[in-house]
């Protein structure tokens, strides 16, 4: 059987003896005397603010989003705001500063902004060179190859392209594309305009080919001795041939044992 709270003489439930002793008084309209409020009225007054709060309180704010890479790394300058006031030289210096601080993403973004806003400028060429250097610093020869090739394609006659051509075979070699590296080094030697540079590049090609393609290495050494005898690379080529012969002899002796 369910127990119900006792009723007072007016029919309102009485919660406890303490509640019966609680008396709320408000002034009459004429201001003369006070009147006691019934327990039911007290309950209504106390519960009304809670009901109003449930009806009108705003939804709780969503939790803050987790930080993203874009919120951590400075975004590149755009045509609006302070970034648009930066010149090509200022952006290039900013990119170089990022590279020196190893802030690689910011460096790449700034270089991309230079290439976008000043595509045919010397600063764009330097920015692409910075990107290639960045990939070398990250020990990523394949991406460095792509960056150097992009520089050569966009600025073929620039001083930066000459640097890219000298670095490209080394990066190809590091990426495991050794035959391509040797062929490119020889092509650079053929395109050189003076004997010293040609002999130097042929010697570099021979050094890359040693142990990978000994036939190519021998051909490059012999070419230096035959066509560029007055350069300092001729005696170096003779020593290179002698070392290859010694290494071959040691290998044969090892096989016989």
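The values are calculated or read from the model by the stated rules, or taken from the named source; none is laboratory data. Note that the structure is a prediction, hence the values are computed from the model and not measured. Because the Cβ atoms are built from the backbone with ideal geometry, glycine has one as well, and the counts that use them run over all protein chains shown.
In table form, for the structure just shown:
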quantity	calculated
Some residue of region 206-221 being in a loop (DSSP other than H, G, I, E, B) and surrounded by fewer than 14 Cβ atoms within 10 Å (Cβ to Cβ)	yes
Residues satisfying the stated conditions in region 116-144, i.e. without any contact (Cβ under 8 Å) to a residue 24 or more places away in the chain and touching a helix residue (DSSP H, G or I) at 6+ places or on another chain (Cβ under 8 Å)	135, 143
Hits in region 228-247 (condition: without any contact (Cβ under 8 Å) to a residue 24 or more places away in the chain and assigned to a helix (DSSP H, G or I))	235, 238, 239, 241, 242, 243, 245, 246, 247
Residue in region 165-175 that is over 28 Å from residue 203 (Cα atoms) and either touching a helix residue (DSSP H, G or I) at 6+ places or on another chain (Cβ under 7 Å) or in a helix (DSSP H, G or I) (or both) present	no
Criterion: without any contact (Cβ under 8 Å) to a residue 24 or more places away in the chain, in a helix (DSSP H, G or I), crowded, with 16+ Cβ neighbours inside 10 Å and not assigned by TED's automatic domain parsing to the domain that holds residue 228 - qualifying residue of 106, 147	147
From the options 209, 219, residue that is without any contact (Cβ under 8 Å) to a residue 40 or more places away in the chain and over 18 Å from residue 174 (Cβ atoms)	219
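One line per residue, one yes/no per condition, for (1) surrounded by fewer than 20 Cβ atoms within 10 Å (Cβ to Cβ); (2) modelled with pLDDT under 65; (3) not in a helix (DSSP H, G or I):
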site: 74; (1), (2), (3): yes, yes, yes
site: 82; (1), (2), (3): yes, yes, no
site: 89; (1), (2), (3): yes, no, no
site: 110; (1), (2), (3): no, no, no
site: 132; (1), (2), (3): no, no, no
site: 135; (1), (2), (3): no, no, no
